[in-house]
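Data block below; observations after.
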There are 2 protein chains.
Amino acid sequence: MEDFENNHAQDLDSETIFIVSQTFKALGDPTRIRILNLLFTKECSVNEIAETLDIRQSTVSHQLRFLKNLRLVKYRREGTSLYYSHDDEHVMLILKQMIDHACHS
Amino acid sequence: MEDFENNHAQDLDSETIFIVSQTFKALGDPTRIRILNLLFTKECSVNEIAETLDIRQSTVSHQLRFLKNLRLVKYRREGTSLYYSHDDEHVMLILKQMIDHACHS
DNA sequence: TCGATATATGTTAATGTGTTCATATAATAC
DNA sequence: GTATTATATGAACACATTAACATATATCGA
């Protein structure tokens with residue numbers, strides 16, 4: 001039997017495992033969670049993120065690159081500033097669910 | 001304004017951040033994903049998990065302890081065997097969503 | 001009590017991760 | 001062109017993580 005839409009196979013194929021673990025790994029860090037949670041509300045420049053969350057600019061930039069590689073965020077330029085926003089509705093929904101889950105426990 | 005049920009604060013409180021990142025970290029490893037995915041279907045003994053997924057017994061045991069500490073799995077004893085099953089419906093639902101998400105991308 | 005089986009645990013080595021500092025690049029205004 | 005501001009990048013370090021091996025513990029049956 002094919003197992004295309006119905007994921008109850010005994011084991012997953014390696015590509016699926018890779019993507020899923022990579023994405024959860026992205027969400028498995030306090031700094032990245034805070035950044036994504038901020039981007040929930042609004043688009044932000046790198047400096048806005050750094051100042052709002054009190055994290056060094058280079059740290060924010062490194063983590064944004066990480067999130068960008070996974071297509072979890074995108075940006076647009078405006079002068080010398082880059083405005084970042086989230087780029088994966090589904091993953092953001094999953095993040096929101098986990099935050100709600102944590103708040104109720 | 002209070003921000004109890006409505007999580008769109010600029011920043012999250014540190015305990016929420018900790019729980020959320022810990023839980024995602026648990027899901028951010030290929031071995032643990034495979035184990036949890038197997039437990040989706042059915043309760044399994046440690047050996048069953050190790051054999052089905054072709055992972056060493058000690059590795060499975062270590063990862064199960066990890067998942068147990070986060071209350072993501074539970075077990076019952078039957079003779080010398082321990083039968084593990086999942087113990088957090090909500091997190092399992094989140095895992096399933098991410099797997100489906102990965103399959104459609 | 002002893003042997004067999006199932007599982008857990010301690011240790012170690014290799015690898016990966018996150019932050020920092022220093023510096024480079026890019027866009028803009030002058 | 002230069003200065004200024006915003007952001008990215010590279011290197012280095014401390015720390016965490018993973019899997020493997022060896023060994024310990026626990027349950028059961030004889």
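Quick notes on this structure:
- 18 Å cut-off, amide nitrogen to a point 7 angstrom out along B:E51 Cα→Cβ, residues in region B:23-39: B:35, B:38-39
- Solvent-free Debye scattering, log10 I(q)/I(0), computed from the Cα coordinates of the protein assembly as shown at q = 0.11, 0.14, 0.17, 0.19 Å⁻¹: -0.57, -0.86, -1.14, -1.32
- For region A:15-103, the spread of Cα positions along each principal axis, largest first, Å: 39, 31, 21
- Taking all protein chains as they are arranged and a probe of 1.4 Å, the heavy atoms of B:L93 leave approximately 90 Å² accessible to solvent.
- Phi angles across region A:44-55 convert, under the Karplus curve 6.51 cos²θ - 1.76 cosθ + 1.60 with θ = phi - 60°, into 3J(HN,Hα) values of 9, 7, 4, 5, 4, 4, 4, 6, 4, 9, 6, 10 Hz, Gly and Pro given as x.
- Residues with amide H under 5 Å from that of A:V73, placed H, sequence gap 5 or more: A:K68, A:D87
- The same position A:R56 in the other copies lies at 3.7 nm from this copy, comparing label points 7 Å beyond Cα toward the beta-carbon, shortest first.
- Under a 5 Å amide H cut-off, with hydrogens placed 1.01 Å from N, A:L82 pairs with A:V46 among residues at least 5 apart or on other chains.
- Computed [θ] at 222 nm, helices only, for the protein assembly as shown once each DSSP H run of length n ≥ 4 contributes -39500 (n - 2.57): -18500 deg cm²/dmol
- Modelled spin-label separation between B:E89 and A:D13, with each label point placed 7 Å from Cα along the Cα-to-Cβ direction: 3.2 nm.
- Residue-by-residue Karplus 3J(HN,Hα) for region B:24-35, coefficients 6.51, -1.76, 1.60, Hz, glycine and proline x: 5, 4, 4, 8, x, 9, x, 4, 5, 4, 5, 5
- Counts of other chain beta carbons within 10 angstrom of each beta carbon in peptide A:11-18 average 5.
- Among B:V20, B:V91, B:V73, the largest mean-square fluctuation in a Gaussian network model of chain B, built with springs joining Cα atoms closer than 10 Å, belongs to B:V20.
- Using θ = phi - 60° and Karplus 6.51 cos²θ - 1.76 cosθ + 1.60, couplings along region B:58-64 (whole Hz; Gly, Pro as x): 5, 5, 4, 4, 4, 5, 5
- Per-residue accessible area (protein heavy atoms, 1.4 Å probe) orders A:R77, B:R76 as A:R77, B:R76, starting from the largest.
- Candidates A:D87, A:D13, A:D54: whichever shows maximal mean-square fluctuation once chain A is modelled as a Gaussian network with Cα springs under 10 Å: A:D13
- Shielding by partners, peptide A:28-34 (average Cβ within 10 angstrom, other chains): 6
- Beta bridges per DSSP, both residues in chain B: antiparallel share near 100 percent.
The values are calculated or read from the model by the stated rules, or taken from the named source; none is laboratory data. Here the structure is a predicted model, which means the values were calculated and not measured. Note that we place each Cβ from the backbone using ideal geometry, even for glycine, and neighbour counts take in every protein chain shown. With ligands, DNA and RNA removed, areas are computed over all heavy atoms of the protein, side chains included. Shrake-Rupley method; radii C 1.70, N 1.55, O 1.52, S 1.80 Å.
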